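To start, the structure under review is shown below, and the notes come after it.
A short reminder: the numbers here are calculations on the coordinates, not readings from a lab. Fair warning: this is a prediction, and the values are worked out from it, not measured in the lab. All Cβ positions, glycine included, derive from the backbone under ideal geometry; neighbour counts span all protein chains shown.
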């Protein structure tokens with residue numbers, strides 16, 4: 001789904017589009033959603049009752065994932081946990097699918113904790129972003145996370161595995177299941193794919209050991225009742241700007257106040273990014289909502305840099321690919337960096353610390 005169709009589907013799937021055409025389309029797709037939901041329920045039952053084998057890695061596995069399509073902040077939360085664990089002396093390995101990379105489907109080492117061995121084109125955006133921004137972090141990709149984990153054990157025997165976007169990867173045993181729910185739209189319009197944004201029926205929430213409600217500006221948010229599952233909340237906000245070329249220090253967001261800005265993003269929900277820039281006082285004169293995991297080339301970059309603006313601004317996820325381009329980009333291209341704040345994160349981390357101490 002690209003451009004306008006993707007934007008339209010997101011609004012339909014999260015329930016924000018209440019027009020008659022959107023409601024008719026939901027009704028048309030609902031039978032397919034019911035079939036999809038039944039398949040996902042049946043798959044979960046087969047694994048839970050032992051009809052399908054669940055593999056165990058020799059070190060604790062912590063899964064961070066969601067049950068909806070699109071961005072709920074999985075990569076920032078994974079990075080937050082990895083950074084905390086590394087600071088306490090644990091050897092940490094992130095296992096990712098490597099979606100969108102040319103090596104997707106094969107087991108490969110993105111970072112061995114010392115050297116970065118693959119670029120974003122080969123391993124995908126998120127694995128490279130984690131490997132390049134968190135010193136000492138080991139990152140492997142592979143559709144078979146068990147095989148990727150065993151490869152990591154042979155190379156450096158990490159103390160703990162973080163399974164990025166792993167909530168549906170139930171073929172691998174996990175010792176802690178962290179579910180992320182977008183506080184503004186935790187279950188979309190309530191339907192599974194394709195009529196809604198749910199990857200699994202809402203009942204899948206009960207596999208979670210912890211729930212983090214993301215996109216919360218404060219610790220006080222209205223959240224769905226999930227029983228006794230412990231929960232925390234997390235907020236994402238723009239922190240500062242840095243030149244894409246890397247030839248200068250951080251720039252305060254106040255520099256955007258009243259200035260004309262051309263913004264582009266190839267992420268799950270570009271509209272959120274544009275809204276964040278506007279809240280910082282930027283005057284958006286041009287926006288480009290690119291497909292998630294977009295591949296940049298000289299032609300696309302040339303098209304993006306034609307707007308008459310004081311600044312061109314993009315995301316950290318896009319920046320990792322743009323920096324690898326052979327041509328030097330204009331010095332007006334800035335990267336907006338995020339800050340993650342986790343309310344109740346100490347309780348979650350204490351549970352994780354206790355889990356690791358017992359293993």
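Before moving on, here are some points about what is shown:
- DSSP bridge orientation in segment 45-181 - percent antiparallel, rounded to nearest 5: 20 percent
- Dividing the summed -39500 (n - 2.57) terms of all DSSP H runs of n ≥ 4 by the residue count of the chain sets its mean residue ellipticity at 222 nm at -10000 deg cm²/dmol.
- Taking 0.36 nm per residue of separation and subtracting the current Cα-Cα distance, fully stretching the chain between residue 159 and residue 252 would add 29.7 nm.
- Residues 321, 358, arranged from fewest to most other Cβ atoms within 10 angstrom of their Cβ, appear as 358, 321.
- Average Cα contact separation per residue, the chain, under 8 Å, 6 or more apart, as relative contact order %: 19 percent
- Zone of residue 49's modelled label, taken as backbone nitrogen in segment 29-43 under 17 Å from a point 7 Å along Cα→Cβ: 38-43
- Which of 90, 47, 128 has the fewest Cβ neighbours within 10 Å, and the rest in rising order: 47, 90, 128
- Ranked by how many other Cβ atoms sit within 10 Å of their own Cβ, fewest first, the residues 229, 267 fall in the order 229, 267.
- The overall shape of segment 238-339 is rounded: from the C-alpha gyration tensor, with semi-axes ordered a ≥ b ≥ c, the ratio a/c is less than 1.5.
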